[in-house]
Amino acid sequence: MNIKQILMVTLALTCATTIYAGNKHAGKEKSPVFIYAGQSNADGRAYMNELPDYITTNKYKHVMYDNVTTVRDGQMALYSPDANNAKYVAFDAVVKYWLDQIYQQPVYAIKCTCGGTALDTLARPAKVPIWYAGEDWLSRHKAFAGHAVTGDNSLAKALIEGVNACISTTISKDKDGYDIKAILWHQGESDRPSSAAKDYEKNFRQLITYLRQHIYEITGDENDKELPFIFGTVPTNSKQYSDEVNKAQRKIASELKNVWFVDLGETPLKNDNLHLNGISQEYLGKSLYNVMVTHQLLPTKKLLPVKKP
């Protein structure tokens, strides 16, 4: 072997070593993180026994969970849909089940939801927290902490503080590293009044931008500046359906990168004509999962069989 050949081999080995060293998790996927947020249909109003047996009897093996809506200590525990004798569930229980089937490592789930909450300050009942993300308003309001106190009512701040707590306390200690995959969202009913609906497009865009930017500031991952944001629309047969909100949501999905939606159409509701029943929650959960598969956010190409109810 001449000098030139020796140099070429040495260079090749050096490059190979550098590439491997630069990827601390080569050969193994980073542990995924999923964020669930919104108002009551994301919080869950379907009774536990309305969902299929695979949800109510399943023992989740990999999903580590924390609801950060009011308490943000970052302590995550193995997920169980009936923890603390919970009576209600939402689509996130379905998504978590199917994620649990495809991952053989920790799957982190962070939830921040509160019923009756709007994006617009004009649609907010007194002392109810809000998702509004205007910079000036946020500078004057604290994160929601579970009690009705004036000036202590931002859900956007609550979510970001919760993500930060979960990452710093629990997720950052994962030996495989972590990767925030998506925000899964359902909201819009409370912005039905015309005074709020007319600004829904601006408010929704503002919220998505705020969440992405502040999650990026936590993770330092450039990809989080365009973090996938996937939502379900408000069913058209809901008593709080707004055509203006629906059009605004679709416009945002057509204009912002990595924003996609599931059209719920006239999916069945509970007797209150407002909340998704178990069949519709399962449909939404499976559909959100399939959107993530379609856009290659998950380590599988297999779509779930799903039919709109």
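The values are calculated or read from the model by the stated rules, or taken from the named source; none is laboratory data. In this text the structure is predicted, and so the values were computed from the model without any measurement. Note that each Cβ is placed from the backbone with ideal geometry, even for glycine, and that neighbours are counted across all protein chains shown. Side chains are part of the model used for accessible areas, which takes the heavy atoms of the whole protein and leaves out ligands, DNA and RNA. Shrake-Rupley method; radii C 1.70, N 1.55, O 1.52, S 1.80 Å.
Points worth noting:
- A straight Cα-to-Cα reach below 14 Å connects LYS307 with the aspartates and glutamates ASP263, GLU266, GLU282, residues fewer than 8 places away in its own chain not being considered.
- Rounded to the nearest 20, the Cβ-based charge dipole of segment 192-309 about its Cα centre (Lys and Arg +1, Asp and Glu -1) stands at 340 debye.
- Point-charge dipole on Cβ atoms (K/R +1, D/E -1) for the chain, about Cα centre, debye to 20: 480 debye
- Full extension of the chain between ALA145 and GLN104 yields a length gain of 11.3 nm, computed as 0.36 nm times the residue separation minus the alpha carbon distance.
- Within straight-line cross-link reach of LYS59, aspartates and glutamates at Cα separation under 14 Å, skipping those fewer than 8 residues along the same chain: ASP82, ASP100
- Between 0 and 90°, nearest 10: helix 243-255 axis offset from the chain longest Cα axis: 10 degrees
- Rolling a 1.4 Å probe over the protein heavy atoms gives the chain an accessible area of 47 Å² per residue.
- Longest site-free stretch - the chain; sites: trypsin sites (Lys or Arg not before Pro), DSSP loop, at most 13 other Cβ within 10 Å: 176-238
- Residues in segment 32-63 reached by a label modelled at ASN85 [backbone nitrogen below 16 Å; 7 Å Cα→Cβ]: 48
- Taking the C-alpha atoms only, the angle from helix 91-102 to the longest principal axis of the chain is near 20 degrees.
- Unit Cα scatterers, Debye sum, segment 239-309: log10 I(q)/I(0) for q = 0.13, 0.14, 0.19, 0.20 Å⁻¹: -0.46, -0.53, -0.91, -0.97
- Compactness index (Cα Rg / 2.2 N^0.38 Å), segment 50-181: 1.16
- Extension gain, GLU222 to ASN271: 0.36 nm times the residue separation minus the Cα-Cα distance gives 13.2 nm.
- Lys pairs, segment 108-193 - Cα-Cα below 17 angstrom, 8 or more residues apart or on other chains: 5
- Averaging 1/r over every pair of different alpha carbons in the chain and inverting the result gives a Kirkwood radius of 20.4 Å.
- Of LEU207, PRO32, TYR283, farthest towards positive along the dipole that unit charges on Lys, Arg, Asp, Glu beta carbons give the chain: PRO32
- Using alpha-carbon coordinates, inclination of helix 278-294 to the longest axis of the chain, degrees: 30 degrees
- Shape call, segment 174-309: gyration tensor on alpha carbons, a/c limit 1.5: oblate
- Rolling a 1.4 angstrom probe over segment 248-309 with all protein chains present gives an accessible area of which 51% lies on carbon and sulfur atoms.
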